[in-house]
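The values are calculated or read from the model by the stated rules, or taken from the named source; none is laboratory data. Since we're looking at a predicted model, the values are computed, not measured. All Cβ positions, even for glycine, are placed from backbone atoms using ideal geometry, and neighbour counts span all protein chains on display.
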Amino acid sequence: MPYLQAPAATSMSINWISETDEPGTISLSGPGLGKSGKQSSAPQYLDLMEYTRAELDQQIEGLEQGSWLKSNSNYKHSVTFQGLLPGKSYNYTVTQSGETHSAAFKTAPKGGAWKNVRIIAFSDSETEPRGRTEHREWELSPVNGYTADSIQRPGAGSKWDQQFGMTTRNGEPTLRYPLDQSTAFNENLKHIEAADPDLVMMAGDLTQGSGYQPAWDELFGHVAGEHSDLASSVPLLPALGNWETYAALNGGYGTETDLDPGSHFPPAGFGIPVGKDRATRL
């Protein structure tokens with residue numbers, strides 16, 4: 001599905017990924033367009049989206065091996081519409097290889113015309129295929145702990161333990177969250193979409209390691225893919241977190257040792273710099 005980028009009062013960029021090098025077309029309708037409402041794309045091959053051997057061979061408990069992998073041939077399409085009117089709604093349809101997707105967006109108003117703006121901010125989506133089955137630890141801060149009047153958490157052998165499980169952290173029993181990470185993210189996205197935001201700010205740690213392509217596949221599945229098309233109508237503005245400099249399965253935090261031919265960082269999209277002369281896909 002397409003996703004929005006570079007939102008402004010008079011312009012918007014619309015991007016999408018295809019498996020073939022066939023140009024796509026995009027039709028935009030709305031005020032002030034004239035004859036400029038239809039454009040073709042110039043696909044660019046994204047070699048850094050190719051899976052590494054470690055990613056192809058990875059095994060994840062609870063999932064069929066490789067079932068989470070997507071195409072290993074990817075082309076990015078990016079079309080920018082200029083001359084739009086501030087604070088107006090536009091409908092568009094992307095056509096690619098016989099498939100279509102329609103959505104709409106609204107340009108930002110002029111600087112002096114803001115009456116209100118609804119921005120939703122969150123962080124640490126940390127997507128990865130393992131998130132489909134993993135119930136992460138419900139951590140208790142080692143600094144703050146419990147307040148004096150707090151009700152103690154359920155312990156080992158409790159009904160919580162029996163239904164959701166527990167683990168051990170720093171030698172102490174630790175609860176697990178009741179939802180797996182993928183389900184929890186989808187539930188949060190439902191609330192975000194229901195709030196009808198003008199912008200969504202993602203304050204870092206979008207994926208569980210930006211040098212790990214399956215993690216980006218999962219993120220796009222949530223915001224512009226199988227689970228929702230939020231990014232097709234609401235621009236996502238991301239910030240850099242420590243996971244954006246981490247290669248996950250393919251290495252560490254972008255040292256010279258990590259930057260070997262067997263490692264990669266996904267290619268540019270949302271424009272978050274990562275590692276040495278690299279950029280993430282988003």
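Worth a mention:
- The condition of being among the aliphatic types (A, V, I, L, M) and either assigned to a loop (DSSP other than H, G, I, E, B) or modelled with pLDDT under 95 (or both) holds for L48.
- Among residues of the range 237-263 being under 26 Å from N186 (Cβ atoms) and surrounded by 18 or more Cβ atoms within 10 Å (Cβ to Cβ), the one that is modelled with the highest pLDDT is P238.
- Verdict on N186 being at positive phi and out of contact with any Asp or Glu (no Cβ under 6 Å at 6 or more places or on another chain): no
- Any hit, the range 105-120, residues being surrounded by 14 or more Cβ atoms within 10 Å (Cβ to Cβ), more than 30 Å from M12 (Cβ to Cβ) and of a type outside the set (D, E, K, R): no
- From the options I120, I26, I60, residue that is of a type in the set (V, I, T) and not in a strand (DSSP E or B): I60
- The range 48-66 residues that are surrounded by 10 or more Cβ atoms within 10 Å (Cβ to Cβ), paired with ones that are at pLDDT below 95 and aliphatic (A, V, I, L, M) (beta carbon under 6 Å, 6 or more apart): A54/L249
- Yes/no for P7 being farther than 27 Å from S228 by Cβ, in contact with a Ser or Thr (Cβ under 9 Å, 6 or more places away or on another chain), in a loop (DSSP other than H, G, I, E, B) and in contact (Cβ under 8 Å) with a residue 12 or more places away in the chain: no
- Residue, surrounded by the most Cβ atoms within 10 Å (Cβ to Cβ), within the range 214-236, restricted to residues that are more than 24 Å from N72 (Cβ to Cβ), among the aliphatic types (A, V, I, L, M) and touching a Phe, Trp or Tyr at 6+ places or on another chain (Cβ under 8 Å): V234
- Once the range 157-185 is narrowed to residues that are in a helix (DSSP H, G or I) and closer than 23 Å to Q208 by Cα, the residue that is modelled with the lowest pLDDT is F164.
- The number of residues in the range 155-173 that are within 16 Å of E134 (Cα to Cα) and of a type in the set (S, T, Y) comes to 2.
- Residue satisfying condition, being within 28 Å of G251 (Cβ to Cβ), touching a Phe, Trp or Tyr at 6+ places or on another chain (Cβ under 8 Å) and among the hydroxyl-bearing types (S, T, Y), within set Y90, Y75: Y75
- Odd one out for Q163, checked against (1) touching a residue at least 12 places away in the same chain (Cβ under 8 Å); (2) polar (S, T, N, Q); (3) within 26 Å of W243 (Cβ to Cβ): (3)
- Against the list (1) closer than 30 Å to P7 by Cα; (2) surrounded by fewer than 16 Cβ atoms within 10 Å (Cβ to Cβ); (3) in contact (Cβ under 8 Å) with a residue 12 or more places away in the chain; (4) of a type outside the set (D, E), the condition Q181 fails is (2).
- Of all the residues in the range 76-96, those that are over 22 Å from the mean Cα position of the chain (by Cα), on the phi < 0 side of the Ramachandran plot and not hydrophobic (A, V, I, L, M, F, W, C) number 7.
- Enumeration of residues in the range 192-213 that are surrounded by fewer than 23 Cβ atoms within 10 Å (Cβ to Cβ) and hydrophobic (A, V, I, L, M, F, W, C): I192, A194, A195, L199, V200, M201, M202, A203
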